1. If neighbour count is taken as other Cβ atoms inside 10 Å, put L13, L47 in order from fewest to most.
2. Going through the chain, which chymotrypsin sites (Phe, Trp or Tyr not before Pro) have at most 13 other Cβ atoms within 10 Å and a DSSP loop state?
3. Compute the helix-to-body angle for 33-54: its Cα long axis versus the longest principal axis of the chain, expressed 0 to 90° and rounded to tens.
4. Tell me the net charge near H24. Cut-off is 14 Å between Cβ atoms, H24 excluded, with +1 for each Lys or Arg and -1 for each Asp or Glu.
5. Using only Cα atoms and rounding to the nearest 10 degrees, what angle (0 to 90) does helix 5-24 make with the longest principal axis of the chain?
Amino acid sequence: MVFDIPQMIATGLIVLLILWIVDHTAAFEGASKGRKTLYKFVGMFILLFILGLIWPYGTGA
């Protein structure tokens, strides 16, 4: 089993970035809790999908 630490760090940073953007920017201020959750899910899905395409798991740094 291969642990790809740089990719794990990049994934964690993407997740934290999406959570911070949705929770702390004025663009999402008026959104309901359910709508914010939807924005977080879609944002994470798209960005992590792109990360997986350009940097497949287990390929190293």
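FYI, it's all coordinate maths here, none of it is from the lab. Please read these numbers as outputs of a predicted model, since none were measured by experiment. Methodologically, a virtual Cβ is constructed for each residue, glycine included, from the backbone with ideal geometry; neighbour enumeration extends over all protein chains shown.
1. Details: L13 10, L47 15.
Fewest-to-most ranking of L13, L47: L13, L47.
2. Details: sites: F3, W20, F28, Y39, F41, F45, F49, Y57; in loops: F3, Y57.
Loop-located and lightly packed - F3, Y57.
3. 20 degrees
4. Working: positive: K36, K40; negative: D23, E29.
Net of charged neighbours comes to 0.
5. Taking Cα atoms only, the helix is inclined about 0 degrees.
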